[in-house]
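Worksheet: one structure, shown below.
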Amino acid sequence: MSVTKVKIGIIGGSALDDVQILDGRKEIYRETPYGSTSDVLIEGKINGVDCVLLARHGRRHSIMPTNVNYRANLWALKNIGCTHILASTLCGSLQEDIKPGDIVIIDSFVDRTTKRNQTFYDGKEKSPVGVCHIPMEPAFCTRTRDMIIHTAMQLGIPVHDKGTVVTIEGPRFSSKSESLMFKQWGCDVINMTTCPEVVLAKEAGLCYAVVALATDYDCWRPCTENVSVEEVMATSKNHVQKVLQIFMAGVANIAQQDWTETINQLQKTVNDSVMVPHNE
């Protein structure tokens with residue numbers, strides 16, 4: 001059996017919209033059955049490994065969370081040959097022990113979005129045929145998450161090795177009552193972008209993992225100031241280098257492994273989840 005060639009997509013969130021981490025950068029425009037991607041795809045190499053960088057909100061950060069074309073982004077990355085997606089996200093902490101500046105390698109999610117396309121299998125002419133009932137446990141690629149956690153340990157960067165993210169519609173932040181409710185639900189962090197990105201990555205058969213950087217305590221915590229854009233951006237600026245280090249070293253670690261079986265199993269899960277229309 002031939003070994004699957006690894007190609008790693010990196011989806012940069014806020015504070016990672018236009019980082020200069022690729023050697024031999026080449027910009028590529030991709031149109032998809034679902035429209036245009038958030039920005040151009042930037043191909044290049046990190047430590048000799050083929051990578052593709054995409055700014056989730058555009059390189060000028062001009063696209064609000066609801067209007068991100070998640071389907072086009074994931075479709076284009078899959079179409080250009082990516083086997084893995086490493087995504088970054090800024091988030092608010094809902095737990096005392098996750099402090100601003102901490103990194104969480106999330107392993108589950110609660111979806112509170114309401115306006116976003118959740119599937120490629122939408123019945124349109126250019127879309128895949130059928131209805132996809134994709135299982136979301138595990139929500140993220142376990143093996144890719146393990147590699148990211150291992151990479152952080154190698155670098156001496158402390159991380160929380162699991163956590164549940166609640167994704168809200170945005171672009172507003174939560175009310176205090178909402179924040180307290182999410183905390184009581186057992187969620188660990190809160191953001192505006194992981195859903196439906198994680199679902200679409202699973203449908204595409206991609207090895208997908210998220211590195212979440214906590215920037216604030218949202219608004220549930222009585223002894224701190226409520227979340228603000230100024231606080232979010234200040235904290236991210238001070239700690240975003242840790243995310244970049246994990247990504248760059250993680251790319252090299254991932255590329256050293258044979259992912260053929262993992263990718264084949266992911267694709268089998270997709271194939272087994274699709275119900276194709278049949279004749280009455």
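The values are calculated or read from the model by the stated rules, or taken from the named source; none is laboratory data. Predicted model, so just to flag it, every value in this text is computed and none were measured. Note: ideal-geometry Cβ built from the backbone for every residue, glycine included; neighbour counts use all protein chains shown. The protein model used for the area step is the full one, side chains on, heavy atoms only, and it has no ligands, DNA or RNA in it. Shrake-Rupley method; radii C 1.70, N 1.55, O 1.52, S 1.80 Å.
Where the eigenvalues come from the Cα gyration tensor of the stretch 39-159, what are the semi-axes √(5λ) of the equivalent ellipsoid, largest first, in whole Å?
Values: eigenvalues 141, 80, 56 Å².
Gyration-tensor ellipsoid for the stretch 39-159: 27, 20, 17 Å.
If each DSSP helix of 4+ residues adds -39,500 (n - 2.57) and the sum is divided by the residues in the chain, what number results at 222 nm, nearest 500 deg cm²/dmol?
-10000 deg cm²/dmol
For the stretch 122-176, rounded, prolate or oblate, judged on the Cα gyration tensor with a ≥ b ≥ c (square roots of eigenvalues), a/c < 1.5 rounded, else prolate if a/b > b/c?
The shape class here is oblate.
If you project the alpha carbons of the stretch 170-221 onto the principal axes, what extent comes out on each, in Å, largest first?
So the extents along the principal axes, rounded to whole Å, are 38, 22, 17.
³J(HN,Hα) across the stretch 84-101 via Karplus (A = 6.51, B = -1.76, C = 1.60, θ = phi - 60°), whole Hz, x for Gly/Pro?
These are the phi-based 3J(HN,Hα) values: 10, 10, 10, 10, 10, 8, 8, 8, x, 8, 10, 10, 4, 7, 9, 8, x, x Hz.
Which lysines have a Cα less than 20 Å from the Cα of Lys242, not counting those fewer than 8 places away in the same chain?
Lys45, Lys99, Lys162
The chain: Rg/Rh from Cα coordinates, Kirkwood Rh?
So for the chain, dividing Rg by the Kirkwood Rh gives 0.95.
Across every pair of different alpha-carbon atoms, what Kirkwood hydrodynamic radius in Å does the stretch 93-135 reach? Display every interim value, and only then the final one.
Details: mean 1/r = 0.0706 Å⁻¹.
Evaluated over the stretch 93-135, this radius sits at 14.2 Å.
Could you check which residue among Glu225, Glu125, Glu27 shows the biggest mean-square fluctuation in a GNM of the chain with a 10 Å Cα cutoff?
Judging by the Gaussian network model, the answer is Glu125.
Taking only protein heavy atoms and a 1.4 Å probe, what accessible area per residue, in Å², does the chain have with all protein chains in place? Before the final figure, lay out each step's value.
Numbers: 12900 Å² over 280 residues.
About 46 Å² of surface per residue is accessible.
Express the carbon and sulfur contribution to the solvent-accessible surface of the chain as a percent, rounded to the nearest whole number, probe 1.4 angstrom.
Working: 6510 of 12900 Å².
C and S atoms contribute 50 percent here.
When all C-alpha to C-alpha distances in the stretch 198-265 are sorted into bins of 10 Å, what percent of pairs does each bin hold, rounded to whole numbers?
P(r) for the stretch 198-265, in whole percents per bin: 16, 31, 28, 18, 6.
Any idea what log10 I(q)/I(0) is at q = 0.10, 0.17 Å⁻¹ for the stretch 160-280, Debye with uniform C-alpha scatterers and no solvent?
-0.47, -1.03
Points 7 angstrom from Cα along the Cβ direction at Leu155 and Asn264: gap in nanometres?
Those two pseudo-labels are separated by 3.2 nm.
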